[in-house]
Every structure is written in structure tokens, then in C-alpha cells.
């Protein structure tokens, strides 16, 4: 296709199989956009395209992602302000006709059949960085594939966390990530271990959490980090099972129960919709 549309803070380009969003690097550009730099969104990851009036003499073109298609939006869980939504492009109102043409063109390339994310995983690649950030009570780092580490601040971490010592978490032992925006009081990033168990309710007492404070854990650092970890968890979940192991597990009540339990963890973490949970559970029960 090759069409390019320059808007406020970003440029969109229609390629043969994807919408490519390139973000500006400027003092007025939201810092989240600067951290993201560029996003490649396959058309199958989109649900629709809309156009609506914006603020201060603008119109807003919105490429609406499918639920479960993008780890960034899954981690954000609806907490991003509209001005920081990477799928919204603001343009001067006098370019409304051009924006309407883009809306129609995007709508024409959105597949009619939604992707099954239980089988295909995320359709949009996670942001490239950053893979570490400073929170209020410590520093979080991720090696990009297999391990997340929390290193506590000697002055800001609670005694409960300090006593547990620095923490390392294997991605294969995690079921999800919970992110609460630093733009609101009580923001934090929490890792969700498989199996649940009894855990402190307060994130500042939970060694699987780092908390945000004023001036710490900004959105542009912590959200791409959360998305990268969430994407790695999903990739581990999709690791193929050897044929022999599949045959041994098929029909084994204990193995099926374990898979149902894991499915329930994904559902509780918000990574599976009601419909997907019901369908997959029915499929597993049919193996008994």
C-alpha cells in the first residue's frame, strides 16, 4: 500500500500486512510514545477503525485493537489516558476528509474473523524496551525471556520486603502481571505466580511487587516492561508439549485438572475472556 499519514506526535503507514506506527521524539511528545518508538500492528490484530472529533480543533483517528492482541494494551487494562493511547492519531480538523479515507481503508483490511489468542498468542510484538526501571522501593529488571528480578532500596523498601531479600522470578513460574498506573495513587507492578496461594494484600508488603511513588516508576518505563514480561509468559504457555507427553496426559484426570487449574489462573489474571474460558474448559473436560 505504502500510504503515509502524518499526525500529531506520530506517523502512520499502511504496509501490505500491517499498520506501522512511528512516534516522534520531541519535548511535547508523550514519554510513553518516545519509549515505544515504533509499533508494527498486523491487520489481524485490529477490530475496527473509528473517527471522532478531538480537542482544540482536531479529529482523532482510532485503530481499535482486538482484545488480547497486544501485550501493551493488555497490561494497561484500560488505564491509559487518551492522549497516551498509541492507537489514537490526532490530526487538524481541516484534514478530516483525509482521516475519513484512512478510517475506511483501515476498515477494509481488518479481517472479518477474529484471531483465537488462546492458540496464537499475542499478535503484536511487545515493545523493544526498556527492560528495567526504577520504582519507589526498588529496581525491576528483566532479561527479556526467562527471569525477572527485583532489587530492593535500602531506604524505601518496607521491612517486610527487606527481610525477604532481593527477589528473582522465573517466567515459567508466573501466570500474569498486574499493573496499576503510576498516574494514580497506589500504583504498582505485581507478578502473579502460578498456583496463587496466600499473599500480602498490600503491594508494599508483597515481595512479588514493586510500588510506584511520586517521581518513580513512570508509565513510559513500567508499562513496556510489564508488556514484555506478559508476552514472555504467554510465549512460555505456548511452548509445544512433546508428543509422548501429550499422549500420556490425554485422559489422565490429574493432568486435565492441572490444565484446568492453569486455565483458571489465566482467566483470573484477565488474560482469557469469559467465552474463551468456557470453550477451553469444555474442550479439556471432553478429554476425560
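For segment 67-109, compute Rg over Rh where Rg is the Cα radius of gyration and Rh is the Kirkwood radius from the inverse mean 1/r over Cα pairs.
Working: Rg = 13.1 Å, Rh = 12.3 Å.
Using only Cα positions, Rg/Rh for segment 67-109 is 1.07.
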Give me the distance in nm between label points sitting 7 Å out from Cα along the Cα-to-Cβ direction at residue 194 and residue 20, one decimal.
3.8 nm
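Quick check on segment 1-45: take the gyration tensor over C-alpha atoms, sort the square-rooted eigenvalues as a ≥ b ≥ c, and tell me if it's rounded (a/c under 1.5), prolate or oblate.
On the way: a/c = 3.53, a/b = 1.80, b/c = 1.96.
It comes out oblate by the Cα gyration axes.
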Within a 10 angstrom radius of the beta carbon, how do 233, 8, 27, 21 rank from fewest other beta carbons to most?
27, 8, 21, 233
Regarding segment 3-117, what are the three Cα extents along the principal axes, ordered largest first, in Å?
38, 30, 23
Residue 104 versus residue 168: modelled label distance in nm, points set 7 Å from Cα along the beta carbon direction
5.8 nm
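Relative contact order for segment 67-211: what percent, with Cα pairs under 8 Å and sequence separation of 6 or more?
Details: 175 pairs, mean separation 28.3, N = 145.
Here the relative contact order equals 20 percent.
Mind checking Rg over Rh on segment 132-236, alpha carbons, Kirkwood formula for Rh?
Values: Rg = 12.5 Å, Rh = 13.5 Å.
Dividing the radius of gyration by the Kirkwood radius yields 0.93.
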Mind sorting 38, 44 by how few other Cβ atoms lie within 10 Å of their own Cβ, fewest first?
38, 44
Footprinting exposure proxy for 58, 155 (fewest neighbouring C-beta atoms within 10 Å first):
155, 58
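We did not get these values from a lab; they are worked out from the coordinates using the rules stated. Here the structure is a predicted model, which means the values were calculated and not measured. Every residue, glycine among them, receives a Cβ derived from its backbone with ideal geometry; neighbour counts consider all protein chains shown.
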